[in-house]
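Colleague: Quick one: the structure is below, and I'll ask about it shortly.
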Amino acid sequence: MIKLKVCLLTCAFMIKLSFTMLSTHFKCRGGIYPRSNVERFPVPDEKVIWNSEYKQYQPQNYTEASLYGKPWADPDIGNSNFCPKWNAVDGKVSRVSYMGPYQIINGYPQNPIGRTGICGRGILGRWGPNHAADPVVTRWKRFDSGKIVIDEHNRPILQFVAIKRGDTGEWALPGGMVDPGEKVSATAVREFQEEAINSLVMSEEEKKAWAQKFHEFFNEGEIVYKGYVDDRRNTDNAWMETIAYNFHDDNGTIVGALKLHAGDDAVGVRWVDATPNISLYASHDVILKEVLKKRLT
Ligand code: RP5
């Protein structure tokens, strides 16, 4: 009887784990790899996890030529000048995964979620985890009078700052890569400044005034997500991970007062109503759902 219970619990755990893996590893399977004509080897759902046998699996090896010699990119594995410390902080670069220790197979780090249909580094700078930070800047939607707008379920509507990505044209959080030695929380603030504020039509003076006003506001971020990102750039040996921070302007008087009006669509930054079925770049919709849960419950 006890054995049966243990077996059922183990099965339930495995099903939950596989489901999580599939839902976090969907966009980076199948189709043509970004900025290339390399087709990913097909990876059916049941073949994602590495310990499911897939004898026919022969992914192409692809690393974009433009990465070579870039100061922010690793050299090739096997290069005598490159001695990375996997699963560790390696000088100023963190090669630690938020998903736990990853495996090194024949000298190459292995994607902790599973197969992606392509090996090599693709267009990512680092072998193994590539760390990013994502700011989720939110406010309540309000009428001009200042009154909060209520939806059909009698709940306030949350809005967040979204940018239109130049590479895919998708709406996304204004996140970016962590610079070597930079604190992840500092990246989130810097990226918001670079991607959202700097793209607005404002004088340098006005931008400086906003930056000063934001200073305290951006000290108050809360971590809402930390982990793997289902990014189309992921490969079997290089993948995106992020920490997402929610910065919420409850009164709408600080960042919430930023007027991102229709004209700003042209530069691709705006306040967007946060709804549970919104479609965003990579795992940004999953992150937004976490923020919705946090703010509305
Ligand atoms: C996503 O890519 C992260 O969540 C982050 O938003 C973004 C960082 O890459 P770049 O915008 O710098 O290309 O995986």
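Just so it is clear, none of the values below were taken in a lab; they were calculated from the coordinates. Small disclaimer: the values here were computed from a predicted structure and weren't measured. Heads up, the Cβs are rebuilt from the backbone with ideal geometry, glycines too, and the neighbour counts pull from every protein chain shown.
Colleague: Under 5 Å between amide hydrogens, which residues at least 5 positions from residue 178 or on another chain qualify, with H placed 1.01 Å from N in the peptide plane?
Modeller: HN-HN under 5 Å from residue 178: 131, 132, 133.
Colleague: What is the local net charge at residue 242, summed over the other residues whose Cβ is closer than 10 Å to its Cβ (Lys, Arg +1; Asp, Glu -1)? Walk me through the numbers before you get to the answer.
Modeller: Values: positive: 226; negative: 134, 231, 241.
Spelling it out: positives minus negatives among the neighbours equals -2.
Colleague: Determine, for 204, 195, 46, 170, the number of other Cβ atoms within 10 Å of each Cβ, and report the residues in order from fewest to most.
Modeller: Working: 204 7, 195 21, 46 10, 170 15.
Ordered by Cβ neighbours within 10 Å, fewest first: 204, 46, 170, 195.
Colleague: When the expected Rg is taken as 2.2 N^0.38 Å, what fraction or multiple of it is the alpha-carbon Rg of the range 148-297?
Modeller: 1.05
Colleague: Which whole-number percentage describes the relative contact order of the chain, with Cα contacts under 8 Å and a sequence gap of 6 or more? Provide the component values of the computation, followed by the final result.
Modeller: Numbers: 508 pairs, mean separation 63.8, N = 297.
Relative contact order of the chain: 21 percent.
Colleague: I want the antiparallel fraction of DSSP beta bridges within the chain, as a percent rounded to 5. Provide the component values of the computation, followed by the final result.
Modeller: Numbers: 26 of 41 bridges.
If we restrict to bridges inside the chain, about 65 percent are antiparallel.
Colleague: Quick check: net charge around residue 278, other residues with Cβ under 12 Å of its Cβ, Lys/Arg +1 and Asp/Glu -1? Don't skip to the end; give the middle numbers.
Modeller: Numbers: positive: 289; negative: 170, 273, 285.
Here the count lands on -2.
Colleague: Under the rule of -39500 (n - 2.57) per DSSP H run of 4 or more residues, summed and divided by the residues of the chain, what mean residue ellipticity at 222 nm is obtained, to the nearest 500 deg cm²/dmol?
Modeller: Details: 4 runs with 57 residues, N = 297.
It lands at -6000 deg cm²/dmol.
Colleague: If the elastic network links every pair of Cα atoms under 10 Å, which of 277, 251, 51 fluctuates the most in the Gaussian network model of the chain?
Modeller: Fluctuation is largest for 51.
Colleague: For the chain, modelled as a Gaussian network with Cα springs under 10 Å, which listed residue fluctuates most, 134, 230, 144?
Modeller: 144
Colleague: Right, another one. Can you compute the radius of gyration and Dmax for the range 112-183, using only the Cα atoms, both in Å?
Modeller: My reading of the Cα-based Rg and Dmax gives 18.6, 55 Å.
Colleague: Also: Quick check: convex hull of the Cα atoms in the chain, volume per residue, rounded to a whole Å³? Let's see the in-between values first.
Modeller: Values: hull volume 53.4 nm³, N = 297.
Convex hull of Cα atoms, per residue: 180 Å³.
Colleague: Which of 91, 221, 122 ends up with the largest GNM mean-square fluctuation for the chain, with Cα atoms connected below 10 Å?
Modeller: Among 91, 221, 122, the largest GNM mean-square fluctuation belongs to 91.
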